[in-house]
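**Student:** Below you will find the structure I want to go over with you.
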Amino acid sequence: MGVKETAPSIKSLNNSQEIDGKAILTYLLGTLTQIALMVFALWATSQAYNRLLIYNIPDWSYTAIASLFLIFLTIRSRLFSPLDNTRNAGTYKEVIRPNWAPPPLAFPIIWMTIGVLRMVSSLLVWQAMGENFLAFPLIIYVIHLALGDTWNTIFTVQRRFGAAVPVVIFGPWLSAIIVTVIYGQTTTLAGFLLLPSVIWITVACVLVYSIWQLNGREPFYPTKREAIES
């Protein structure tokens with residue numbers, strides 16, 4: 001059994017079983033482009049930060065600057081993506097959800113909390129890596145963020161609930177575990193701070209699978225679509 005809130009109906013689409021190769025290529029190129037842009041942002045910020053060190057400013061200012069950059073990177077990573085990453089609660093409200101599903105209001109609260117924890121853990125890693133933004137753990141971190149944004153495009157924007165299942169598992173979930181392990185190897189506290197993120201994304205995996213079960217069980221890959229004219 002599932003629940004569904006009263007909301008505008010999802011636009012009718014005629015789904016074939018034919019794989020949409022163009023969509024897969026778009027996701028791949030979009031993700032790689034976002035990763036490249038975010039790594040460039042890490043490099044550019046590192047260069048700017050090193051130049052800033054010649055100025056005589058309070059030590060806390062450097063930490064504040066790093067914190068602002070990392071929180072921006074964390075909560076606005078989608079700005080680096082060429083894909084449509086609109087955060088629209090409409091999809092979640094319109095689909096049939098399992099009875100245990102969290103209410104829509106819970107998501108921004110949970111994600112904001114996780115965002116703060118991610119920023120703090122990344123700051124600890126940055127400090128442990130000699131205040132280097134282009135450090136390997138932070139590169140892995142931005143890859144994780146990019147994978148999450150691509151999944152958002154697939155699930156929230158395009159509503160490909162079948163394709164969203166393997167993507168959330170092998171994208172955000174698997175990369176979250178990898179980032180947590182790498183952060184933990186860098187500094188133990190940073191790894192612990194990311195554990196809530198892993199737990200939440202694990203819940204999200206189960207939720208996405210349940211939504212897929214309750215909403216048509218389309219193939220686990222993007223299929224070609226055509227809008228049905230009314």
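**Student:** Out of the helices (runs of 4 or more DSSP H) lying entirely within segment 58-164, which hold 1 or more residues that are under 15 Å from residue 31 (Cβ atoms)?
**Tutor:** In segment 58-164, 136-152 are the helices (runs of 4 or more DSSP H) which contain 1 or more residues that are under 15 Å from residue 31 (Cβ atoms).
**Student:** State the number of residues belonging to segment 183-197 that are over 18 Å from the mean Cα position of the chain (by Cα) and not in a helix (DSSP H, G or I).
**Tutor:** 1
**Student:** Look at residue 200 and say whether it is within 17 Å of residue 149 (Cβ to Cβ) and in a helix (DSSP H, G or I).
**Tutor:** yes
**Student:** Any idea which of (1) part of a helix (DSSP H, G or I); (2) of a type outside the set (Lys, Arg); (3) touching a helix residue (DSSP H, G or I) at 6+ places or on another chain (Cβ under 7 Å) is the one residue 206 doesn't satisfy?
**Tutor:** Among (1) part of a helix (DSSP H, G or I); (2) of a type outside the set (Lys, Arg); (3) touching a helix residue (DSSP H, G or I) at 6+ places or on another chain (Cβ under 7 Å), residue 206 violates only (3).
**Student:** Answer with yes or no whether residue 44 is in a helix (DSSP H, G or I), surrounded by fewer than 14 Cβ atoms within 10 Å (Cβ to Cβ) and either among the aliphatic types (A, V, I, L, M) or within 13 Å of the chain's Cα centre (by Cα) (or both).
**Tutor:** So residue 44 passes the test.
**Student:** Scan segment 91-112 and tell me whether some residue there is touching a helix residue (DSSP H, G or I) at 6+ places or on another chain (Cβ under 7 Å), farther than 26 Å from residue 199 by Cβ, of a type outside the set (Lys, Arg) and at pLDDT below 90.
**Tutor:** No, every residue in segment 91-112 fails to be touching a helix residue (DSSP H, G or I) at 6+ places or on another chain (Cβ under 7 Å), farther than 26 Å from residue 199 by Cβ, of a type outside the set (Lys, Arg) and at pLDDT below 90.
**Student:** Go through (1) out of contact with any Leu (no Cβ under 9 Å at 6 or more places or on another chain); (2) over 25 Å from residue 121 (Cβ atoms) and name the single condition residue 68 misses.
**Tutor:** (2)
**Student:** Against the condition at pLDDT below 95 and either assigned to a loop (DSSP other than H, G, I, E, B) or among the β-branched types (Val, Ile, Thr) (or both), how does residue 35 come out, does it pass?
**Tutor:** Judged against the criteria, residue 35 is not a match.
**Student:** So which of 117, 138 ends up being out of contact with any Lys or Arg (no Cβ under 7 Å at 6 or more places or on another chain), modelled with pLDDT of 95 or more and within 21 Å of residue 44 (Cα to Cα)?
**Tutor:** Residue meeting the stated conditions: 138.
**Student:** What number of residues within segment 196-230 are in contact with a Leu (Cβ under 9 Å, 6 or more places away or on another chain), surrounded by fewer than 19 Cβ atoms within 10 Å (Cβ to Cβ) and either over 25 Å from residue 97 (Cα atoms) or not aliphatic (A, V, I, L, M) (or both)?
**Tutor:** 3
**Student:** Quick one: in segment 154-164, which of the residues that are of a type outside the set (A, V, I, L, M) and surrounded by fewer than 23 Cβ atoms within 10 Å (Cβ to Cβ) is farthest from the chain's Cα centre (by Cα)?
**Tutor:** 162
The values are calculated or read from the model by the stated rules, or taken from the named source; none is laboratory data. Predicted, not measured: the structure shown is a model, and the values here were computed from it. For neighbour counting, all protein chains shown are included, and Cβ atoms are generated from backbone atoms with ideal geometry for every residue, glycine included.
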